[in-house]
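Presented below is the structure to which this report refers.
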Amino acid sequence: MPTAPQAVSRKLKIDFHVHLSVYSYHKPWVTEWMRKAQPVGYDEYMQRYSDPEAFEELLAAEGVDYACVLAEMSHITTGICTNEQVSEFCRGRKRLIPFCDVSPHLNTDLGRELRKKVEDEGFRGLKLYPTYQHFYLNDPRLYPLYQAAQDLGIPVLVHTGSSVFKGSRLKYGDPLHLDDVAVDFPELNLVMAHSGRGFWYDRAFFLSKLHANVYMELSGLPPGRLMGYFPELARNTEKTIFGSDWPGMPAIRENMEAIARLPLPPEGVERILGGNAARLLRL
């Protein structure tokens, strides 16, 4: 007798880097930049996807199984999206994974604050904004925060590299500062958002190869240029994670498909588009 066909399991696709469409407050230069990404119907688009149900429908249409939604408290440079906003947006939602922002300028007991966010409020990751909030990643003030994240087993997503927004200070975005953190917290998974964009692609690549707990993340980077930025990307697919930076980069499916067309092994593409993130998020 013929055997029944086996179901083919589809690999997870995970966007490690999305923002809310509507912040409590956006700096005007951020709104101006965002309008360039959505020149037609910007206000309607942003308002539509301020509803979490509609946003989950968008993710499904784009082929995304899970997305990490990032809080941001960058008063000087970009704007304010509170932890409370993100928590409420993600509550009860299958596809949405909340990441909190615990800033050294707004909190004194950083470790305690993070434990509260994770254990009491359900956050599953931490996002740091050194370029926007003006601190060095290896500042000893942050060590209790890293210790708490390591103890809790959550990933830390870190903005690295450049930014076009006023008030940003690029010296804080050098991924080399993560070297100290990776050495001192070897069980803490550190993910470099934008992979050192602009100045430091080579440093980001090297650090991710050097340290077992350091990963590259591709948000904001045109897929067609990735092989130029990282000529040996095929050797590092187990340490590379997809992120879109939505809504600033709205074409999520298009970018994932472009990555799939790169000269990378199929299993490497699967790792980039979801496998690596699933492991860090314990999905």
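Summary of computed values
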quantity: Whichever residue in segment 201-231 is hydrophobic (A, V, I, L, M, F, W, C) and part of a loop (DSSP other than H, G, I, E, B) and, among such residues, is surrounded by the most Cβ atoms within 10 Å (Cβ to Cβ); calculated: Leu218
quantity: Selection within segment 149-163 - among the small types (Gly, Ala, Ser), in a loop (DSSP other than H, G, I, E, B) and either within 19 Å of Gly220 (Cα to Cα) or touching a helix residue (DSSP H, G or I) at 6+ places or on another chain (Cβ under 7 Å) (or both); calculated: Gly161, Ser162, Ser163
quantity: Segment 1-54, subset part of a helix (DSSP H, G or I) and among the small types (Gly, Ala, Ser), residue modelled with the highest pLDDT; calculated: Ala54
quantity: In segment 236-254, residue nearest to Trp200 (Cα to Cα) [restricted to those that are touching a Lys or Arg at 6+ places or on another chain (Cβ under 8 Å) and part of a helix (DSSP H, G or I)]; calculated: Lys239
quantity: Matching entry among Ile241, Ile252 (being within 17 Å of the chain's Cα centre (by Cα), under 26 Å from Asp139 (Cα atoms), modelled with pLDDT of 95 or more and buried (at least 23 other Cβ atoms within 10 Å of the Cβ)); calculated: Ile241
quantity: Scope segment 170-200; condition within 23 Å of Asp15 (Cα to Cα), outside any loop (DSSP other than H, G, I, E, B) and not hydrophobic (A, V, I, L, M, F, W, C); matching residues; calculated: Gly173, Pro175, His194, Ser195, Gly196
quantity: Residue match in segment 33-43 (condition: over 24 Å from Gly167 (Cα atoms) and either crowded, with 19+ Cβ neighbours inside 10 Å or in contact with a Leu (Cβ under 9 Å, 6 or more places away or on another chain) (or both)); calculated: no
quantity: Residues (among the aromatic types (Phe, Trp, Tyr), over 18 Å from Arg271 (Cα atoms) and touching a residue at least 24 places away in the same chain (Cβ under 8 Å)) located in segment 201-225; calculated: Tyr201
quantity: Any hit, segment 115-126, residues being within 28 Å of Leu233 (Cα to Cα) and either over 18 Å from the mean Cα position of the chain (by Cα) or without any contact (Cβ under 8 Å) to a residue 60 or more places away in the chain (or both); calculated: yes
quantity: Ala37, sole failed condition from (1) under 24 Å from Leu273 (Cβ atoms); (2) touching a strand residue (DSSP E or B) at 6+ places or on another chain (Cβ under 9 Å); calculated: (2)
quantity: Residues of segment 71-83 classified as over 14 Å from Val22 (Cβ atoms) and out of contact with any Ser or Thr (no Cβ under 6 Å at 6 or more places or on another chain), total; calculated: 4
quantity: The listed residue being part of a helix (DSSP H, G or I) and among the hydroxyl-bearing types (Ser, Thr, Tyr), out of Tyr132, Tyr136; calculated: Tyr132
quantity: Among the candidates Gly198, Gly153, Gly167, residue that is surrounded by fewer than 24 Cβ atoms within 10 Å (Cβ to Cβ), in contact (Cβ under 8 Å) with a residue 60 or more places away in the chain and out of contact with any Asp or Glu (no Cβ under 9 Å at 6 or more places or on another chain); calculated: Gly167
quantity: Flag for Tyr146 being touching a helix residue (DSSP H, G or I) at 6+ places or on another chain (Cβ under 7 Å), at pLDDT 95 or above and among the hydroxyl-bearing types (Ser, Thr, Tyr); calculated: yes
quantity: Qualifying residue in segment 70-85 (condition: surrounded by 19 or more Cβ atoms within 10 Å (Cβ to Cβ), under 25 Å from Leu176 (Cα atoms), at pLDDT 95 or above and touching a Cys at 6+ places or on another chain (Cβ under 6 Å)); calculated: yes
quantity: Residues satisfying the stated conditions in segment 88-114, i.e. part of a helix (DSSP H, G or I) and surrounded by 16 or more Cβ atoms within 10 Å (Cβ to Cβ); calculated: Phe89, Cys90, Leu110, Gly111, Glu113, Leu114
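The values are calculated or read from the model by the stated rules, or taken from the named source; none is laboratory data. Predicted model only: the values in this text are computed from it and were never measured. Here the Cβ is made from the backbone with ideal geometry for all residues, glycine too, and neighbour counts use every protein chain on show.
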